[in-house]
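**Student:** Provided herewith is a single structure, encoded as structure tokens, for subsequent inquiry.
Readers should treat all values here as calculations from the given coordinates under stated rules, not as data from a laboratory. Predicted model, so just to flag it, every value in this text is computed and none were measured. Note: ideal-geometry Cβ built from the backbone for every residue, glycine included; neighbour counts use all protein chains shown.
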Amino acid sequence: MLRYDVIVIGGGIVGLSTAYALTRRSPGTTVAVLEKETSWAAHQTGRNSGVIHSGLYYKPGSLKARFAVQGARRMVEFCSEHGIAHQVTGKLVVATDPSELGRMKTLFERGEANGVPVQELTPEQIREHEPNIRAIAGLHVGTTGIVDYAEVCRTLVDLLHKHGVSLRTGAGVTALAVHPREVVVQTRLGEVRGRVVVNCAGLYSDRIAAMAARAEGGAPPPVRIVPFRGEYHELAPHRRGLVNGLVYPVPDPAFPFLGVHLTRGIHGDVHVGPNAVLALRREGYSWAQASPRELAATLAYPGMWHIAKRHWRYGAGEMLRSLAKPAFTKAVQRMLPAVTADDLVRAPAGVRAQAVRPDGELVDDFLFTGGERIVNVLNAPSPAATASLPIGEEIAGRVLDRLAPVV
């Protein structure tokens with residue numbers, strides 16, 4: 001019988017960072033990480049644009065703001081310490097229409113409140129950074145960077161091996177039983193027992209939380225994961241010179257998405273995107289990847305109907321840009337007029353695990369819940385990769401509180 005102090009479900013960067021934090025804070029603690037895929041970082045972690053976010057966008061005092069600012073610094077330190085390729089490039093946020101100037105001012109103030117180095121730029125100064133970008137005003141954010149988060153995870157896996165952590169791929173969870181002193185986890189590789197379970201299952205985190213709640217006889221999770229696919233293109237190799245670094249539009253505060261942006265990655269490729277459309281299954285990376293059962297469950301959720309009612313115009317536009325390349329190209333040309341449809345090549349998509357409340361509110365911050373034997377991470381989309389080391393520390397603290405003997 002395999003028994004551990006802590007079982008972490010999910011082998012993305014948050015799950016691996018949690019295990020890493022536990023080995024550092026409590027070296028004698030026995031830890032297992034269970035991943036349903038045959039490789040690590042297979043979903044949200046390995047399917048993003050690789051940006052080390054500064055913490056500019058997030059509400060002052062929120063977990064996202066605090067952990068992103070800390071996480072950007074700590075991610076750079078971690079990469080430097082372990083020889084992982086990365087760059088602190090800075091980025092531009094640009095306004096292309098006068099209607100965006102008020103939001104840009106608010107963004108500047110938010111950045112200052114979060115302790116993020118941010119500078120206002122004129123159109124002439126923007127062209128010094130990015131000669132091909134058209135904008136009427138901009139911000140320069142100095143602490144933004146780029147990295148390959150899958151490479152970060154490979155390093156974490158190596159470190160966890162050295163610390164004696166049990167790392168099990170192909171170990172999808174099929175059932176949970178919560179007892180007074182332990183949790184019994186049934187996996188496709190057999191039974192595992194732990195004193196505390198950490199649910200970092202990303203796109204299926206609400207399913208695991210519901211499984212645990214049923215086992216404990218408690219209330220179901222307060223949110224449902226709604227999967228939004230983010231589709232990317234990349235600039236054809238001979239057109240990569242159009243973009244020097246990272247360029248973002250002014251985001252719409254009504255949504256947790258940052259809009260179609262331009263990202264020169266650590267390997268020299270330039271990603272364009274993502275958009276945001278409802279995925280037809282939780283791990284649906286194209287329109288062809290669908291699950292009637294999962295889609296029906298999403299569409300039956302009251303929160304999904306509230307989103308559709310409030311934001312149908314936005315959703316229709318995103319769908320158009322997904323299905324019609326000229327519409328996507330036109331959106332990019334607002335910032336980068338020289339780009340053409342022929343310059344854009346399809347790149348792998350990602351799916352964002354967005355927690356949604358029954359009233360349709362999209363959860364805007366990281367969300368942790370749980371009982372005596374469970375810690376659930378129920379909302380950890382972007383900037384969770386950037387913030388993963390502080391998030392891991394936060395979760396480790398909660399776990400160790402649960403492991404502490406009652407005096």
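**Student:** Let me make sure I get this right: for segment 290-346, a, b and c are the square roots of the gyration tensor eigenvalues over alpha carbons, sorted descending. Under 1.5 in a/c it's rounded, otherwise prolate if a/b > b/c, else oblate. Which is it? If you can, show how the numbers build up before the last one.
**Tutor:** Working: a/c = 4.71, a/b = 2.10, b/c = 2.24.
Because a/c hits 1.5 or more and a/b fails to exceed b/c, segment 290-346 counts as oblate.
**Student:** Net charge near H238: determine it from the other residues with C-beta under 14 Å of the C-beta of H238, scoring Lys and Arg +1 and Asp and Glu -1.
**Tutor:** Details: positive: R239, R240; negative: E234, D269, D342, D343.
Taking every Cβ under 14 Å from that of H238, the sum is -2.
**Student:** If you take the Cα atoms of segment 229-365, find Rg, then find the Kirkwood Rh from the mean of 1/r over all pairs, what is Rg/Rh?
**Tutor:** Working: Rg = 15.8 Å, Rh = 15.9 Å.
Checking Rg against Rh, the ratio lands at 0.99.
**Student:** Right, here's the next one. Per residue of segment 271-276, in order, report the coupling 6.51 cos²θ - 1.76 cosθ + 1.60 (Karplus, θ = phi - 60°) as ³J(HN,Hα) in whole Hz, putting x for Gly and Pro.
**Tutor:** 8, 10, x, x, 8, 8
**Student:** Rounded, prolate or oblate, given the Cα gyration tensor of segment 272-323, with a/c below 1.5 counting as rounded? Let's see the in-between values first.
**Tutor:** Details: a/c = 2.42, a/b = 1.07, b/c = 2.26.
Oblate, because a/c is 1.5 or more while a/b does not exceed b/c.
**Student:** Suppose R0 equals 41 Å; then what is the FRET efficiency for T106 and R293 from their Cβ-Cβ distance, rounded to the nearest 0.05? Kindly include the intermediate steps, with their values, before the conclusion.
**Tutor:** Numbers: r = 42 Å, r/R0 = 1.02.
The calculated FRET efficiency here is 0.50.
**Student:** Between Q125 and D359, what's the calculated FRET efficiency when r is the beta-carbon distance and R0 is 56 Å? Round to 0.05.
**Tutor:** Details: r = 43 Å, r/R0 = 0.77.
Given R0 = 56 Å and the Cβ-Cβ separation, E is 0.85.
**Student:** Which whole-number value in Å³ per residue fits the convex hull of the alpha carbons of the chain?
**Tutor:** Numbers: hull volume 57.0 nm³, N = 407.
Spelled out: Cα convex hull of the chain, divided by residues, is 140 Å³.
**Student:** While we're on this one: Less than 12 Å Cβ to Cβ from A175, Lys/Arg counted +1 and Asp/Glu -1: what total charge do the surrounding residues give? Kindly include the intermediate steps, with their values, before the conclusion.
**Tutor:** On the way: positive: R188, R207, R214; negative: E191.
Around A175, the charge tally is +2.
**Student:** Against the longest principal axis of the chain, how steep is helix 302-323, in degrees 0 to 90 to the nearest 10, with axes from Cα atoms?
**Tutor:** Tilt of helix 302-323: around 50 degrees.
**Student:** Additional query: Kindly express, to the nearest 10 degrees and within the range 0 to 90, the angle between helix 205-216's C-alpha long axis and the longest C-alpha principal axis of the chain.
**Tutor:** Roughly 20 degrees between the two axes.
**Student:** What does the charge count near L299 come to, summing +1 for each Lys or Arg and -1 for each Asp or Glu among other residues with Cβ under 15 Å from its Cβ?
**Tutor:** On the way: positive: R224, R281, R282, R293, K309; negative: E294.
Summing Lys/Arg as +1 and Asp/Glu as -1 gives +4.
**Student:** Let me ask something additional. With a 10 Å radius around each residue's Cβ, average the other Cβ atoms per peptide and rank 88-100, 4-16, 268-280, highest first. Present the calculation step by step, with values, prior to reporting the outcome.
**Tutor:** Numbers: 88-100: 19.3, 4-16: 28.2, 268-280: 21.8.
Ranking the peptides 88-100, 4-16, 268-280 by packing returns 4-16, 268-280, 88-100.
**Student:** Right, next: Between V88 and K59, what is the spin-label point distance in nm, taking each point 7 Å from the Cα along the Cα→C-beta axis?
**Tutor:** Result for the modelled spin labels: 2.9 nm.
**Student:** Here's another thing I want to ask about it. For A137, list long-range residues whose amide hydrogen, built 1.01 Å from N in the peptide plane, is under 5 Å from its own amide hydrogen.
**Tutor:** A95
**Student:** Gain in length, Q333 to E191, computed as 0.36 nm per residue apart minus the alpha-carbon separation, to one decimal in nm? Walk me through the intermediate numbers first.
**Tutor:** Details: separation 142, 0.36 × 142 = 51.12 nm, distance 5.36 nm.
Full-extension gain reported as 45.8 nm.
**Student:** If you line up the long axis of helix 13-25 against the longest principal axis of the chain, both from Cα atoms, how many degrees apart are they, to the nearest 10?
**Tutor:** Approximately 50 degrees, to the nearest ten.
**Student:** Sort 51-60, 369-378, 339-348 by packing, meaning the average of other beta carbons within 10 Å per residue, with the highest value first.
**Tutor:** 51-60, 369-378, 339-348
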